[in-house]
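Peer 1: Have a look at the structure that comes next, please.
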């Protein structure tokens, strides 16, 4: 019998990650123009690295922290949540995690029983779908309204609720579409959660990268959502710290211990050296965040200009946030296999993108491309794309 017979169904049913598969294939080709990675190419700011180095030199990183995280870091997070998210947080309501991803996974495990349903507006970050599956829950995928700039379909979400529905899970600004869900939309989502006694789990990784007058709104700031919202944040995107693997979540004081029960077996605690780096990030100058935002905004404009030059082959919704966008492939022959297109584009034009099917069935026929890369990389990639198409 093969190894499949010894693997849990909940894991075996998960397909190979299209994101990581494209990364693997790209490593086999020379001189690739990368638009597939949702990680900033900027270096971590110097004051953050200096904070980590000092903690190492002072001998403060050799042991575990408490599972909840360093107290000074959680105190700074509380200040940030109150200032930037209008969330009336307390230290006892904060859990430091291994990036936002581990926090999201721990939140799902704390909320979901086998067979419970979780509604996810899609396209959405593929990891969210997998986290529900690994928890033996059932992802219920409700399409966003692409014709209306990937807006939430509130009516469809209401219709998707059944007696087994336990939670709703979303990311805003969105990975992969770059959509920033409005405060009005999210207040409607909050009403649905309160009416049906549901938990809402949020991924707010791109909270600081919003453009064109859009405003990031944290659903946890609604007082009535206390006890109904688990809000996950990260340092990795905000401060170009993807490799440091440190994030945090906020939830009601009586919910945090339950999430911690899932957090400890997976992580014990977030890396202590990274926690000190995160502390330096919050205590230091914030100019870097504004600089990153301006850099991504300028890069978005370049990418949109280049997409406009191949308008016969791609159509797109201009992203209101994040550093990602999700153009649709226009094919005269009606072909919709984005995976085949991405592989051919990589093989023949040496441009790495991510097939939209990775983000749910409604992502088919799309590509996810990233503009957190240098502008020269965008031009290099689109020079090749123009020649290819």
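Every number in this text was worked out from the coordinates using simple rules, so none of it is lab data. For clarity, every value in this text was computed on a predicted model and none was experimentally measured. Every residue, glycine among them, receives a Cβ derived from its backbone with ideal geometry; neighbour counts consider all protein chains shown.
Peer 1: How would 248, 388 line up from fewest to most surrounding beta-carbon atoms within 10 angstrom? If you can, show how the numbers build up before the last one.
Peer 2: Numbers: 248 26, 388 15.
With the fewest neighbours first, 248, 388 line up as 388, 248.
Peer 1: A further question follows. For the stretch 285-313 and the stretch 37-61, what is the centre-to-centre distance using only Cα atoms, to the nearest Å?
Peer 2: The distance from the Cα centre of the stretch 285-313 to that of the stretch 37-61 comes to 26 Å.
Peer 1: What FRET efficiency comes out for the pair residue 297/residue 23, r = Cβ-Cβ distance, R0 = 41 Å, nearest 0.05? Walk me through the numbers before you get to the answer.
Peer 2: On the way: r = 26 Å, r/R0 = 0.64.
FRET efficiency, residue 297 to residue 23: 0.95.
Peer 1: Please rank 37, 244, fewest neighbouring Cβ atoms within 10 Å first, as an exposure proxy. List each step's numbers first, then the result.
Peer 2: Working: 37 17, 244 25.
The most exposed by this proxy come first: 37, 244.
Peer 1: Could you calculate the contour length gain from residue 261 to residue 64, that is, 0.36 nm times the residue separation minus the distance between their Cα atoms, to one decimal place in nm? Display every interim value, and only then the final one.
Peer 2: Details: separation 197, 0.36 × 197 = 70.92 nm, distance 1.65 nm.
The span from residue 261 to residue 64 would gain 69.3 nm if fully extended.
Peer 1: Something else: At 0.36 nm per residue, minus the direct Cα-Cα distance, what do residue 309 and residue 49 gain on full extension? Give it in nm, one decimal, please. All intermediate terms of the calculation are to be shown ahead of the outcome.
Peer 2: On the way: separation 260, 0.36 × 260 = 93.60 nm, distance 4.04 nm.
Using 0.36 nm per residue and subtracting the Cα-Cα distance, I get 89.6 nm.
Peer 1: So how do 218, 5 line up by other beta-carbon neighbours within 10 Å, fewest first? The partial results should precede the final answer.
Peer 2: Working: 218 22, 5 7.
Arranged by neighbour count, lowest to highest, 218, 5 become 5, 218.
Peer 1: Here is a follow-up. When the label point is put 7 Å from the Cα of residue 388 along its Cα-to-beta-carbon vector, which residues of the stretch 343-374 have a backbone N closer than 11 Å?
Peer 2: 343-355, by backbone N distance to the label point.
Peer 1: To continue, here is another question. Apply 1/(1 + (r/R0)^6) to the Cβ-Cβ distance of residue 286 and residue 75, taking R0 = 22 Å, and write down the FRET efficiency to the nearest 0.05.
Peer 2: Numbers: r = 17 Å, r/R0 = 0.78.
Taking R0 as 22 Å, the efficiency between residue 286 and residue 75 is 0.80.
Peer 1: Compute the label zone of residue 136 within the stretch 93-117: residues whose backbone N is under 15 Å from the point 7 Å along Cα-to-Cβ.
Peer 2: 109-117
Peer 1: Looking only at the stretch 315-332, which residues have a backbone nitrogen under 16 Å from a spot 7 Å from the Cα of residue 42 in the C-beta direction?
Peer 2: Backbone N within reach: 321-324.
Peer 1: How far is it, in nm, from the label point at residue 375 to the one at residue 226 when both lie 7 Å from their Cα along the line to the Cβ?
Peer 2: It works out to 4.8 nm between the two label points.
Peer 1: Now for a different question. Over all directions, what mean area does the Cα convex hull of the chain project, stated in square nanometres? Mind dumping the intermediate values first?
Peer 2: Values: hull surface 80.8 nm².
For the chain, the mean projected area of the Cα convex hull comes to 20.2 nm².
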